[in-house]
Structure formats: structure tokens, C-alpha cells
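What follows is a set of notes on a single structure, which appears directly below.
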Amino acid sequence: MLQSLRAGAGLLGGTARDLMPILLIVAFFQIIVLRQPVDNLADLAIGFLFVLLGLAVFIRGLEMALFPIGEAMAQALAQRGSLSLLMIFAFSLGFGTTIAEPALIAVSTEAMRVMAAAGVIPADAVSQTSHADALRYTVAISVGASLMLGVLRILKGWPIHWLIMAGYVIVVALTMVAPSEIIGIAYDSGGVTTSTITVPLVTALGVGLASSIRGRNPMVDGFGLIAFASLMPIIFVLIFGLVIGA
């Protein structure tokens with residue numbers, strides 16, 4: 001019991017230390033630069049406490065559940081020696097985690113609202129919702145495909161830099177022909193997919209898989225899946241823009 005309390009206190013202390021630079025920057029600009037009083041200081045303090053507790057619990061949850069589950073499942077599938085099962089798992093993991101990303105839901109909804117206001121798509125609510133869902137599914141499918149490519153890279157030992165360079169050549173080529181309204185959304189989609197749900201499980205998948213394959217180094221081969229999960233959505237959303245803009 002005492003050990004658990006010490007671990008919890010240590011986690012809270014570490015999280016508070018990580019948040020402190022943000023708090024100091026905001027306080028500096030509010031008090032020194034803007035020279036304005038802080039309104040609702042009590043509410044801000046309570047909100048900061050909630051953020052502190054939430055992050056601490058979230059990090060502890062990653063350590064206890066998501067990382068071990070991801071690594072264990074990757075190792076079990078690798079030991080079974082079934083490439084098809086491994087690929088299905090990688091795609092399902094990428095698709096399932098991405099479709100549930102709160103950041104992606106928010107960005108897709110806002111993107112379609114702005115595009116409707118600009119006259120790119122119909123302004124009715126049904127059309128905006130359908131286009132937002134289509135964007136979400138496009139990004140989710142792209143992340144699933146990117147994890148399949150990343151898993152294949154680990155299995156084959158392909159150098160990651162050549163794949164990344166080839167991917168960005170495709171991005172640049174598509175950027176030149178894609179509708180201007182979708183380009184910013186496409187580039188942002190690569191960032192929102194690598195958020196709180198996706199990153200821990202994807203990282204655990206890569207490390208667990210590389211740890212289970214002879215000749216693979218978890219440090220060298222286990223990481224890099226996030227790079228594919230950031231790159232592939234840009235390509236898919238640019239193509240999505242070409243399709244809906246046709």
C-alpha cells in the first residue's frame with residue numbers, strides 16, 4: 001500500500017513538473033506582457049488540478065494496460081507465424097484506434113463546416129455529416145494501411161528512410177493537383193491521427209513485433225510506425241479531395 005502511494009505521488013510529481021513550463025509561460029504573458037488580472041483564478045486552479053490528475057491517471061493506464069496488451073498481442077501473433085493474421089490485426093488496430101480519436105472527430109466536423117461555408121460542399125447538415133464521416137473513415141483506413149506497411153517493413157527489414165522519402169514524393173505530387181481547400185486539412189490529418197489512443201498501441205505493436213523476430217532490434221526496427229501513421233493519411237486525404245472535388 002505504501003509503495004503504491006509513493007508511486008502515485010511520484011507520478012503526480014512528474015506530471016506536475018511536465019506541466020509547469022506551460023503554466024509559467026501562460027502566467028508570464030498574462031501578468032508581465034499583457035499586465036491583466038487573472039479572472040476566475042479559483043476555476044483555473046481547479047481546472048489545472050483536473051488536468052494534472054487526468055494526465056497522471058492516463059499515463060498510469062498506458063503503463064498498466066495499453067503498452068502490455070499491444071506488445072503481448074504482437075508477440076503472440078508473430079509466434080504463430082501467420083502473416084495474414086498479423087496483417088489483419090495491424091489494419092484493425094490502426095482503423096479502430098483512429099476512428100475513435102477525439103481529435104479526428106473534431107477536425108473532420110470543423111473541416112466540413114468550413115468547406116460548406118466556402119461553398120465546396122452542400123451546406124445542409126446531412127451533407128456535412130456524411131462528408132465528415134467519409135473523411136474520418138478515409139483517415140482510419142489510411143492508418144490501417146500504414147500499419148500494414150510498417151509491419152511488413154519490420155518483417156522484411158526494409159530501411160525506413162527510403163519508404164518515408166517515397167511517401168513524401170507522392171505527397172508533393174498530389175499536393176500540386178489536389179484542390180486547395182483540402183490541402184491544409186490533409187496535412188493536419190496526419191497530425192490528429194497520432195494522438196492519445198493511437199500512439200501507445202501502435203508503438204507497442206512495433207516494439208512487441210520487433211522483439212519477437214530473430215534478427216530485429218526493437219530500438220532500430222520497433223519504432224517508426226508512427227511515421228507511417230502520420231504520412232499515409234496525408235496521401236489518402238489528398239486523394240479524397242480529388243474525388244469529392246471531381
| Hey, what number do you get for the chain at 222 nm if only DSSP H runs of n ≥ 4 count, each worth -39500 (n - 2.57), divided across all residues, to the nearest 500? | -27500 deg cm²/dmol
| Could you give the accessible area per residue of segment 201-246, probe 1.4 Å, as a whole number in Å²? | 40 Å²
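Magnitude of the Cβ-charge dipole of segment 50-172, K/R +1 and D/E -1, about the Cα centre, nearest 20 debye?
340 debye
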| said: Can you give the FRET efficiency to the nearest 0.05 for V33 and S92, using r as the Cβ-Cβ distance and R₀ = 45 Å? | reply: 0.40
| task | Would you be so kind as to identify all helices of the chain, as entire DSSP H runs, whose Cα atoms reach 18 Å or more along the helix's own axis and whose mean Kyte-Doolittle hydropathy is at least 0.5? | result | 2-28, 41-61, 83-99, 102-117, 125-156, 160-177, 180-192, 198-212, 225-245
| remark: Per the 1/(1 + (r/R0)^6) rule, R0 = 35 Å and r from the Cβ atoms of I105 and V57, FRET efficiency to 0.05 is 0.95
| task | Report the FRET efficiency, 1/(1 + (r/R0)^6), for S84 and Y168, where r is their Cβ-Cβ distance and R0 is 25 Å, rounded to 0.05. | result | 0.25
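Can you tell me the length gained on complete extension of the stretch S211 to T175, counting 0.36 nm per residue apart and subtracting the Cα distance?
Full extension of this stretch gives 9.2 nm more.
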| field | Dipole magnitude (debye, nearest 20) for segment 109-246, charges at Cβ of Lys, Arg, Asp, Glu | value | 580 debye
| Given Cα pairs under 8 Å that are at least 6 residues apart, what percent is the relative contact order of segment 129-246? | 44 percent
| note | The simple spin-label model distance between D43 and V220, using points 7 Å out along Cα→Cβ, in nm, is 5.5 nm
| said: Sort 154-161, 216-223 by packing, meaning the average of other beta carbons within 10 Å per residue, with the highest value first. | reply: 216-223, 154-161
| task | Tally up the carbon and sulfur contribution to the accessible surface of segment 2-139 as a whole percent, 1.4 Å probe, everything protein left in place. | result | 71 percent
| request: Please give the contour-minus-distance gain from W158 to I69: 0.36 nm per residue of separation, less the Cα-Cα distance, rounded to one decimal in nm. | output: 29.5 nm
| remark: For V243 and A134, extending 7 Å from Cα along the Cα-Cβ vector and measuring point to point gives, in nm, a value of 0.8 nm
| said: Charges at C-beta only: +1 for Lys and Arg, -1 for Asp and Glu. How large is the resulting dipole of the chain about its Cα centre, in Debye rounded to 20? | reply: 760 debye
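Taking 8 Å as the Cα distance limit and 6 or more residues as the minimum spacing, I'd like the relative contact order of the chain as a percentage.
Relative contact order, the chain: 25 percent.
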| task | Rounded to the nearest Å, what's the spacing between the alpha carbon centres of segment 160-188 and segment 20-99? Just the number, please. | result | 27 Å
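The values are calculated or read from the model by the stated rules, or taken from the named source; none is laboratory data. Bear in mind the structure is a predicted one, so any value in this text is a computation, not a measurement. Neighbour counts run over all protein chains shown; Cβ positions are idealised from the backbone, glycine included. Ligands, DNA and RNA are stripped out before the accessible areas are found, and what is left, the full protein with its side chains, is counted by its heavy atoms. Shrake-Rupley method; radii C 1.70, N 1.55, O 1.52, S 1.80 Å.
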